[in-house]
Structure formats: structure tokens, C-alpha cells
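Taken together, the values in this text are just the output of simple stated rules run on the coordinates, not laboratory data. Values in this document were obtained by computation on a predicted structure and should not be read as measured data. We place every Cβ from the backbone using ideal geometry, glycine too, and count neighbours over all the protein chains shown.
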Amino acid sequence: MTVAYACGKVILFGEHAVVYGQPAIAVPVTQVRVAATVEDASSGEGVTIVARNLDVVHRLGDSIQDDGVHPLDLTVRNTFERIGLSEGRDLLIEVSSTIPIARGMGSGAAVATAIVRALSAHFGAGLTASDVSELVYKTEILHHGTPSGIDNSVIAFERPVYFVKGEGPQAFEVGQSFSLVIADTGASSSTREVVRDVRDYWMAERERYDTLFADVGSVAMAARASIARGDTAEAGRLMNVNQALLEEIGVSSAEIRALVEAARQAGDLGAKLSGAGRGGNVIALVTPAARQWVTAALQSAGAIRVIATEVV
Ligand code: PMV
């Protein structure tokens, strides 16, 4: 049996604007992860994919509702094709995950990454991080419609990335490590729907939205520089600026505002939504001294789960 893992992620700066060509910054979150195992099954069983948390048992090639393609099916088929394997084999692929679903933490991309890595290891294919990222991007298209590619990049490379759509992810320096607190609003958010809404707003008010996206891009660029020189206070301030722009873009929500406000009152350095918005997670940049206060404040403001992570 072969096992492989993939981590979660959060977007620090630049969500939505990244879809329109602006830079964004994302970091891996290793406190949550997906495990995928691959083992040979009895002869004639074919390929079965079991995802316990999703309550899915899928046989490769079986159609799903409306004759759509299942993302797990697509991931396995694309990987087989990439490593030159025929589909007529007997395998059991099992996936389990601690990454919350539909909360902007990259659950879909992480499931696909763990499967690709496990298949690559099982068959000795030696796929690189870049190969894995490319394969997972194809699954992301099925999940999200028009993904920028930031999720598959940060998860496949498992390091902080500065990302511009259509270009390879750039590794960047973290001058001084810093702490993030990630608080779940408890509300699911459909990336596909929110991204589609933003596209509608952009079509209706193109000039205003182009300016908003460019402003978000400038914030991401400035944030990269402040993180590289270890200026955590400035990175926090820029998170607040990014949040104000996300409010204007129209992807915040009452739950998000409540958590952002609670983190600020408790003395964070900056806070914002992360991912598509309208639910999902809020992230707060904190000093080691403020971490426990911010965590407690987020919990009493209604966060259903709070995770702490270190960006290094
Ligand atoms: O909801 P998530 O974490 O998958 O993030 C979506 C990020 C967007 O910028 C809104 C979309 C994208 O494809 O980059």
C-alpha cells in the first residue's frame, strides 16, 4: 500500500483580483491535511475510489448525476494518462481529510493533490511538484469553472507563493516568520458562485472593478515586499486594506465582518476574509503575545473552529 498527503492553504492577499491577472499571495496550512492511499485490489474489481468524509464510493468510469464527470474520476484518469497507465487495472484508492470543505482552505485541490501524489509514488512515476500542480489544475477547472491556479500551486509546491495567473508560482522570502489565526465563520461558500457573481459585477461596472482589482494587486505587491523584509506590522495593515477592498468588491458578509471586528478589538495586526468570501474563513495576523486573546475573541464572536499556523 502507498500513502501520500497534501496540506490545506489560505490566501493571504489578492483573492478574486488574481482571476483578472493581478498578483496574489498564498501559504500552505500544514495543520490540516488529506491522506490518500493506493493499494492493489482483487482481480476484476476495477478502480474504486473511496472518500470517507465525502461519503463517496465511486467506480472509475461510472457516470454520476446528469452524466457529469466526478472530480475524483477525472483526477485519476488524468493521472493515469500522464504516467502512461491503462485504466483496466484493479486498485483501491482511499481518501480521508481534515480540511474543512467549502471554507476557502483548498480542500478540493488538496484531495486531488494527495491522489496524484499517491498514484505517482505507487507506480514509481516520479511526478514533480510542477507536474502535480498541472494535473490538479485540470480538476480545479471542474470544481470552479475559471480557477486562477493559485490553489493547486500553493498546495502542490507546499510553500508560500507569489502567484500571477498564467505564470509559474514564484517562491518568495519570508524575512521573519509570523503567526496566523484562521477562524471558520461556519458558513459554506461556493467559490464557483461567488466568482461568477464577481464577474457579473465586473461586466456591469468594468472601470470601477478594474480599479478595485488593480488596487488589490498593488496591496499584494507591497505585502510581498513587507513580508520579505520581516515587517509583519505593515503586512497586517495591508491585510486590513485588502479586506476593505474585498468589502467593496462585494464578497464580504455579516459573519466575516463580525470575526474581523473581534480580531481587531483583541489586538491583531490585521484581518481579512480568505478565499472566495461570503462565508469560509477569516484570517488574522497576530503577534505571539496577542495570539491567545485573538483566538478567544474569535471563538466568542462565533467562530466554529480556530486553527493557528506559522508562516515560515
Ligand atoms: O475559495 P478558494 O479558497 O478556492 O479561493 C478562491 C480564490 C479566488 O481568487 C476567489 C478564485 C481563484 O480561482 O483564484
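Taking only the C-alpha atoms of the range 2-171, the Rg (one decimal) and the largest Cα-Cα distance, Dmax (whole number), read 15.5, 50 Å. Which GluC sites (Glu not before Pro) in the range 8-82 pass both tests, a DSSP loop state and at most 16 other beta-carbon atoms within 10 Å? Passing sites in the range 8-82 are 45. From the Cα gyration tensor of the range 54-140, with a ≥ b ≥ c the square roots of its eigenvalues, which class applies: rounded if a/c is under 1.5, or else prolate if a/b is larger than b/c, or else oblate? It is oblate, given that a/c is not under 1.5 and a/b is not larger than b/c. In loop segments of the range 14-65 as defined by DSSP, the trypsin sites (Lys or Arg not before Pro) with at most 15 further C-beta atoms inside 10 Å of their C-beta are 52. Descending by average beta-carbon neighbour count within 10 Å, the peptides 198-204, 130-136 line up as 130-136, 198-204, the highest first.
A simple charge model with +1 on the Cβ of Lys and Arg, -1 on the Cβ of Asp and Glu and nothing else charged puts the dipole of the chain at about 660 debye relative to its Cα centre.
Taking max minus min of the alpha-carbon positions on each principal axis, the range 178-311 gives extents of 45, 34, 21 Å, largest first. Semi-axes of the equivalent ellipsoid of the chain are 34, 20, 18 Å, computed as sqrt(5λ) over the eigenvalues of the C-alpha gyration tensor in descending order. Placing unit charges on the Cβ atoms of the charged side chains and taking the dipole of the chain about its Cα centre, the candidate lying farthest along the positive direction among 179, 50, 191 is 179. If only the Cβ of Lys and Arg carry +1 and only the Cβ of Asp and Glu carry -1, the dipole of the range 2-171 around its Cα centre is close to 540 debye. Under a 5 Å amide H cut-off, with hydrogens placed 1.01 Å from N, residue 12 pairs with 25, 26, 27 among residues at least 5 apart or on other chains. Taking Cα centre as origin and charging only the Cβ of basic (Lys, Arg, +1) and acidic (Asp, Glu, -1) residues, the dipole magnitude of the range 178-311 rounds to 240 debye. Per residue, the chain reaches -13500 deg cm²/dmol at 222 nm when only DSSP H runs of four or more residues are counted, each adding -39500 (n - 2.57). Lys/Arg Cβ at +1, Asp/Glu Cβ at -1, dipole of the range 91-169 taken about the Cα centre: which of 98, 125, 168 is farthest positive-ward? Sorting the options by dipole projection puts first 98. The residue list 221, 275, 308 was ranked by how far each Cα lies along the charge dipole of the range 186-312 toward its positive end, using unit charges on Cβ atoms, and 308 comes out on top.
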